[in-house]
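Report on one structure; see the data block that follows.
The values are calculated or read from the model by the stated rules, or taken from the named source; none is laboratory data. The shown structure was predicted, so the numbers you read here are calculated from the model rather than taken from an experiment. Virtual Cβ from ideal backbone geometry, glycine too; neighbours counted across all protein chains shown.
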Amino acid sequence: MVFKPEPIFRAIDFLKEDGEPRKVVLLTPQGRPFDQSIAEEYSKENTRFVFICGRYEGIDERVKTLVDEEISIGDYVLTGGELAALVVIDAVTRLIPGALGDERSIEDESFSWGLLDYPHYTRPREFRGLHVPQVLVSGDHREIEHWRRKQALRRTMEVRPDLISRVKLTEADRKILSEIEASSGEDS
Ligand code: 4GM
């Protein structure tokens, strides 16, 4: 089953009656692959968004004349575009200043941008025989930053090596990467 054009054209016409500019996004498996950089881009666009969500096999091709951009959240098919729209809305709104309280550390995110996150630990220092790594309780902030960057680089290398090539690595990063390679197999 495919959505016919008329209800979607009417809905968009209705939304546009107030004359406010809007960016119209269609969620579809054929769209531009959604990622953090698109989330950043959208969060800075000072406009309203309309998300068109198809169902089953999609929409009448003519609906695309209403669309500014087609987005896909991943290489799989959903029964409807609604969950894909929610994913985009969630990833974008958390980047809008004030949308989250102080939960997000901009400094932290820019530090690890493009890499996977480093491991996090909370209190207590020991839980059921599982210990927080010593460096994190040392109070040595330079050592802690180094450890975190190394963990982020290591995880990314192991799980998503494709991401490494897209990150701007510093000299210090390259040094850490060679340390990781040299000690592969060890536990540090
Ligand atoms: C076809 C055309 C998005 C199917 C438009 C939507 C997966 C995604 C649908 C549509 C979807 C995705 C509905 N399935 N990967 N199904 O982002 O809205």
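Based on this model, can you work out whether Leu95 counts as under 23 Å from Asn46 (Cα atoms), away from the ligand (no atom under 16 Å from the Cβ) and in contact (Cβ under 8 Å) with a residue 24 or more places away in the chain? So Leu95 fits the description; yes. Take the conditions (1) under 23 Å from Ala11 (Cβ atoms); (2) touching a residue at least 40 places away in the same chain (Cβ under 8 Å); (3) within 7 Å of the ligand (Cβ to nearest atom); Thr79 misses just one of them, which is (2). Checking Thr93, Thr122 one by one, the residue that is farther than 20 Å from Glu186 by Cβ, modelled with pLDDT of 95 or more, in contact with a helix residue (DSSP H, G or I) (Cβ under 8 Å, 6 or more places away or on another chain) and β-branched (Val, Ile, Thr) is Thr93 and no other. The set of residues in the range 43-59 that are near the ligand (Cβ under 10 Å from one of its atoms) and not in a strand (DSSP E or B) comprises Gly54, Tyr56, Glu57. Checking Glu70 against (1) among the acidic types (Asp, Glu); (2) assigned to a loop (DSSP other than H, G, I, E, B); (3) within 12 Å of the ligand (Cβ to nearest atom), which test does it fail? Glu70 satisfies every listed condition except (2). Listed conditions (1) under 25 Å from Lys16 (Cβ atoms); (2) within 16 Å of the ligand (Cβ to nearest atom); (3) hydrophobic (A, V, I, L, M, F, W, C); (4) touching a residue at least 12 places away in the same chain (Cβ under 8 Å) are all met by Leu86, apart from (4). Counting only residues that are exposed (fewer than 14 other Cβ atoms within 10 Å of the Cβ) and either over 21 Å from Lys44 (Cα atoms) or away from the ligand (no atom under 16 Å from the Cβ) (or both), the range 14-32 holds 8 of them. Just one of (1) out of contact with any Ser or Thr (no Cβ under 8 Å at 6 or more places or on another chain); (2) touching a residue at least 24 places away in the same chain (Cβ under 8 Å); (3) within 16 Å of the ligand (Cβ to nearest atom) fails for Trp113. It is (3). For the range 46-56, the count of residues that are of a type in the set (D, E, K, R), within 14 Å of Val88 (Cα to Cα) and surrounded by 14 or more Cβ atoms within 10 Å (Cβ to Cβ) is zero.
Apart from one condition, Ile164 fits all of (1) at pLDDT below 95; (2) within 18 Å of Ser184 (Cα to Cα); (3) surrounded by fewer than 15 Cβ atoms within 10 Å (Cβ to Cβ); the exception is (3).
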